[in-house]
Amino acid sequence: MLLHVPQLRSWLVCSHVHDPHILCPQCDLLVAIPEIAVGQKAKCPRCHTTLTSRWKEPRRRPIAYAVSALFMLLLSNLFPFVNMKVAGLGSEVTLIQIPQVLVSDDYASMASLFMILVQLMPALGMIFIIILCQGTSIPSHWQISIARNYFRLKAWCMVEIFLAGVLVSFVKLMAYGDVGVGTSFYPFVLFCILQLRAFQCTDRYWIWQQVAPAPKLEMPLRVGESGLSQGLRSCHCCMAILPVDQKQCGRCDTSGHARRKNSLQWTMALLITSVFLYIPANLLPIMITQVLGTPMPSTIMAGVVLLWSEGSYPVAMVILIASIMVPTLKMIAIGWLCWDANSNKEIDRERLHVIYEVVEFVGRWSMIDVFVIAVLSALVRMGQLMSIYPDIGALLFASVVILTMFAAMTFDPRLIWDRAVMKSAKEPQDGGK
């Protein structure tokens, strides 16, 4: 259940200094958080970003999901994951064999991506949740370090994207033979669901309140105004409200500024690099299919055309959207955000904020094609009859996805709202002349 915007606005009017406050990390509006019931969320009244949520049993529920997820991950690595039969020849692969095959093909970089994004990061995330929520007395500096790293790695856990890639691989291989799932497939599906649920149940604001109290401010707070206009900034790590000239956070020891330093320059540098890599990533083959000893290189677009010609229209559309349209539109959108954030013209800031949120959410799904290639390369190894190998285009495309994700992370969405705040601050002065 959401706490509606009118309710929040009523709290903005009657809030007191002792009420909990949050500077919205997306638009920099100072919001007083009311007492919310179980199942409710408090949202920013300006940009509608979720600031905090209240869950039932906030300690035991995430721990239960995280422990169950780790157990399912262990089961997923013990037994065969998927199998395939072509002309009487069979092949099966476990999850742990996928990076081994990629390493044997001299693609250690892609193997590392698989291990980090599908196995290591999700497992660490679950371990961090257990440590943070169980409330054991460990040194405070360890708790702070774990909390800091936990919220950084969440965006890089791509279990659900890998699972979608496995399903796409099934559709691609059905034209060549019989494809089936192994014993480990079902625990992996459960691991994906439990991991997502564990992440969902851990509220960032609540976690940091348990780790350490926020530093106290010896200055009045004007709710409903920008933090920058009051000489305040939000710690980008723990959400603590700090004086704008205080570089070091008193709670998590993270250094920061009122706005991300050189945000637009870093974003544009990463964006331009990704554009230069995106061109060869689409022109060079991403995989090589060897049938009866004849190699057939395939680019991303060629794979879409092949799937469409074979009648696999939904899968062809998924690959087209995730691997062609999403990266292209994401790069255009990031460039547009940087341009408008640095311009003096009137812009629709709410619409730009929605574009930013969409860009941040969908960008990681472009990795689906890389995971498809990883599964196909590991599973389809039947000698001269049929084999599939990754190629340089897959590595370039993975680099594009990672760079655009970093570009979205380095962009400071508060820049979208800053000019509106500056303009509203000048209006009374202009009217008094």
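The values are calculated or read from the model by the stated rules, or taken from the named source; none is laboratory data. This one's a predicted model, so the numbers in the text were calculated from it and none came from an experiment. Because the Cβ atoms are built from the backbone with ideal geometry, glycine has one as well, and the counts that use them run over all protein chains shown. Surface accessibility is based on the protein's heavy atoms, side chains included, excluding ligands, DNA and RNA. Shrake-Rupley method; radii C 1.70, N 1.55, O 1.52, S 1.80 Å.
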Subject >> Heavy-atom surface of region 217-288, accessible at 1.4 Å and reported per residue (Å²) >> reply: 49
Original post:
So how strong a dipole does region 238-364 carry about its Cα centre when Lys and Arg Cβ are +1 and Asp and Glu Cβ are -1, to the nearest 20 debye?
Top reply: 340
Original post:
Is the shape of region 250-297 best called rounded, prolate or oblate, per the rule: a/c under 1.5 gives rounded, else a/b larger than b/c gives prolate, else oblate, with a ≥ b ≥ c the square roots of the Cα gyration tensor eigenvalues?
Top reply: oblate
Subject >> Distance (nanometres) between label positions extended 7 Å along Cα→Cβ at Ile272 and Met301 >> reply: 2.6
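Provide the gained length on full extension for the span Val181 to Ser140, in nm with one decimal, where the gain is 0.36 nm per separating residue minus the Cα-Cα distance. Working shown, then result.
Numbers: separation 41, 0.36 × 41 = 14.76 nm, distance 4.48 nm.
Residue separation times 0.36 nm, minus the Cα-Cα distance, leaves 10.3 nm.
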**OP:** Could you state the angle between the C-alpha long axis of helix 185-201 and the longest principal axis of the C-alpha atoms of the chain, as a value from 0 to 90 degrees rounded to the nearest 10?
**Re:** 10
Subject >> Within the accessible area of region 111-179 (1.4 Å probe), percent carbon and sulfur >> reply: 66
Subject >> Gyration tensor verdict on region 163-318 (Cα atoms; rounded if a/c is under 1.5, prolate if a/b is larger than b/c, oblate otherwise) >> reply: prolate
Original post:
Heavy-atom accessible area per residue, region 333-419, 1.4 Å probe: how many Å²?
Top reply: 35
**OP:** Roll a 1.4 angstrom probe over the protein heavy atoms and tell me the percent of accessible area of region 270-392 that is carbon or sulfur.
**Re:** 73
Original post:
Largest first, how would Asp28, Asp245, Asp253 line up by accessible area (1.4 Å probe)?
Top reply: Asp245, Asp253, Asp28
**OP:** Leaving out ligands and nucleic acids, note down the accessible area per residue over region 124-204 with a 1.4 angstrom probe, in whole Å².
**Re:** 41
Original post:
Quick one: helix 5-14 against the long Cα principal axis of the chain, what's the angle to the nearest 10°, folded into 0 to 90?
Top reply: 30
Original post:
If ligands, DNA and RNA are left out, what is the accessible area of Glu350 with a 1.4 Å probe, given in Å² to the nearest 10?
Top reply: 110
Original post:
In terms of the Cα gyration tensor, with a ≥ b ≥ c the square roots of its eigenvalues, is the chain rounded because a/c is under 1.5, prolate because a/b exceeds b/c, or oblate?
Top reply: prolate
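Add +1 for every Lys or Arg and -1 for every Asp or Glu among the other residues with Cβ under 12 Å from the Cβ of Ala66, and state the total.
+4
Can you put His257, His236 in order of accessible area, largest first, using a 1.4 Å probe?
Values: His257 75, His236 100 Å².
Sorted descending by solvent-accessible area, the residues read His236, His257.
Can you compute the charge dipole magnitude of the chain about its Cα centre, using +1 on each Lys and Arg Cβ and -1 on each Asp and Glu Cβ, nothing else charged? Give it in debye, rounded to the nearest 20.
1100
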